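The values are calculated or read from the model by the stated rules, or taken from the named source; none is laboratory data. It should be emphasised that the depicted structure is a prediction, and the values quoted were computed from it without experimental measurement. Don't worry about glycine lacking a Cβ; one is built from the backbone with ideal geometry, like all the others, and counts go over all protein chains shown.
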Amino acid sequence: MQMTQAQKRQFYRDGYVLVRGAVPKLMADQARRAINRHMGVRTIAPGRNPGLNEQPVIADLFNKSPLWGLCESVVGKGKLIAPRAGNVKLNFPDAEERPLTHGHLDLGGKLKDGLLSRGMTLLVVVLVRGVPRPFMGNFCFWPGSHRVYEAAFQQDPDYVATAKANRRIPDVDLPHDPIQFTGEAGDAVICHHQMYHNAGPNHSPDIRYAVIFRPRHIRASENGTATMADIWREFEGLREIREAAMAV
């Protein structure tokens, strides 16, 4: 399966595409079963969960579902590296209700320590249990933020050094309020790697179940942080969409 022209235009403009039923419900249910079984014997960690994330029932949510073709269609045929694992992310109920205030960019996770890296091309979130309303620990993202941050990085030729020195990304005026991703098991959202995002508050009594994938272009390591100021470098499948937009 490939993205339609309308989906590609939305991805170029807004930085994301929401795909209902991207993963068959049976696969989502099997993944949730594996997660619950794992929780019965081990503690679930925020990041890697050895013995769980690498299981085929988790990795196949991306590698053996329509998500693979959808993502390859924007990155380019033969240009996408299959992730060897997914990242199981469970958002547990908050002790107290809290607001949704801010997000972050995935830049290695250690910017607070003066370290910065960029190794993924896409950020893909798959629901393996329904999230019917906001404030249930939803994946939250700010449409259009990919463009705004690109412009901010382009204005500073030393943006990598600046971010490392300040231990933070620049302040920008985001063009859109955050969207809290709601949907059924098997629904997915495909985001640009420079999408500002976060896990939202969970005011519900339930755990939010999702699996996150970070597929990357075959030259992602080589390109590194240069794509922060050149956000379409790894998206050959959007060449015509970009050329048409720039010609207007």
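What are the residues in the stretch 13-26 that are over 13 Å from LEU70 (Cβ atoms) and crowded, with 20+ Cβ neighbours inside 10 Å, if any?
Step one: filter the stretch 13-26 for residues over 13 Å from LEU70 (Cβ atoms), giving 13-15, 24-26.
Answer for the stretch 13-26, where residues must be over 13 Å from LEU70 (Cβ atoms) and crowded, with 20+ Cβ neighbours inside 10 Å: ASP14, GLY15.
Mind checking whether some residue in the stretch 37-54 is without any contact (Cβ under 8 Å) to a residue 60 or more places away in the chain, part of a helix (DSSP H, G or I) and of a type in the set (Lys, Arg)? Quick ask: steps written out before the conclusion?
The initial filter retains those residues of the stretch 37-54 that are without any contact (Cβ under 8 Å) to a residue 60 or more places away in the chain, namely 37-54.
When the remaining residues are screened for being part of a helix (DSSP H, G or I), the result is 37-39.
After this cut, where a residue has to be of a type in the set (Lys, Arg) as well, the list is 37.
Checked the stretch 37-54: at least one residue is without any contact (Cβ under 8 Å) to a residue 60 or more places away in the chain, part of a helix (DSSP H, G or I) and of a type in the set (Lys, Arg).
The residues listed here are ARG129, ARG133; of these, the one that is in a loop (DSSP other than H, G, I, E, B) and out of contact with any Lys or Arg (no Cβ under 9 Å at 6 or more places or on another chain) is ARG133.
Here's the yes/no breakdown for (1) farther than 20 Å from ALA199 by Cβ; (2) hydrophobic (A, V, I, L, M, F, W, C); (3) under 19 Å from the mean Cα position of the chain (by Cα):
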{"site": "ILE35", "(1), (2), (3)": "no, yes, no"}
{"site": "GLY40", "(1), (2), (3)": "yes, no, no"}
{"site": "THR43", "(1), (2), (3)": "no, no, no"}
{"site": "GLY51", "(1), (2), (3)": "yes, no, no"}
{"site": "GLN55", "(1), (2), (3)": "yes, no, no"}
{"site": "LEU67", "(1), (2), (3)": "yes, yes, yes"}
{"site": "VAL75", "(1), (2), (3)": "yes, yes, yes"}
{"site": "ILE81", "(1), (2), (3)": "yes, yes, yes"}
{"site": "ASP106", "(1), (2), (3)": "no, no, yes"}
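Residues that are among the small types (Gly, Ala, Ser) and under 23 Å from PRO24 (Cα atoms) within the stretch 52-86 comprise ALA59, SER65, GLY69, SER73, ALA82, ALA85, GLY86, listed in sequence order.
Sub-7 Å Cβ pairs linking a first residue in the stretch 99-119 that is free of Cβ contacts under 8 Å to residues at least 24 places away in the same chain to a second residue that is surrounded by 11 or more Cβ atoms within 10 Å (Cβ to Cβ), at least 6 apart or interchain, are GLY108/LEU115; GLY108/LEU116; GLY108/SER117, ordered by first then second residue.
For the stretch 102-126, give me each residue that is in a helix (DSSP H, G or I) and either of a type outside the set (D, E, K, R) or surrounded by 15 or more Cβ atoms within 10 Å (Cβ to Cβ) (or both).
Applying the first criterion (in a helix (DSSP H, G or I)) to the stretch 102-126 yields 111-113.
Across the stretch 102-126, the qualifying residue is only LEU111.
Of the residues GLY224, GLY186, GLY200, the single one that is at positive phi, surrounded by 18 or more Cβ atoms within 10 Å (Cβ to Cβ) and under 18 Å from the mean Cα position of the chain (by Cα) is GLY186.
Of the numbered criteria (1) touching a residue at least 60 places away in the same chain (Cβ under 8 Å); (2) in a loop (DSSP other than H, G, I, E, B), the one VAL160 fails is (2). Taking ARG129 as the residue in question, decide whether it is of a type in the set (Lys, Arg), at pLDDT 95 or above and either surrounded by fewer than 17 Cβ atoms within 10 Å (Cβ to Cβ) or farther than 13 Å from MET228 by Cα (or both). Yes; evaluated as a whole, the condition is true for this residue.
Checked against the criterion of being part of a helix (DSSP H, G or I) and either in contact (Cβ under 8 Å) with a residue 24 or more places away in the chain or more than 26 Å from TRP232 (Cα to Cα) (or both), the candidates ALA22, ALA31, ALA6 yield just one match: ALA31.
Scanning the stretch 199-222 for residues that are at pLDDT 95 or above and polar (S, T, N, Q), we see that the one that is farthest from ARG9 (Cα to Cα) is SER204. The residue pairs whose first member lies in the stretch 209-231 and is in contact (Cβ under 8 Å) with a residue 40 or more places away in the chain, whose second member is among the acidic types (Asp, Glu) and in a loop (DSSP other than H, G, I, E, B), and whose beta carbons are closer than 6 Å, counting only pairs six or more residues apart or on different chains, are HIS217/GLU234.
Every condition in (1) under 19 Å from the mean Cα position of the chain (by Cα); (2) in a helix (DSSP H, G or I); (3) not polar (S, T, N, Q) is met by VAL88 except one, and the failing one is (2). Of the residues examined, GLY119 is one that is of a type outside the set (Val, Ile, Thr) and at pLDDT below 95.
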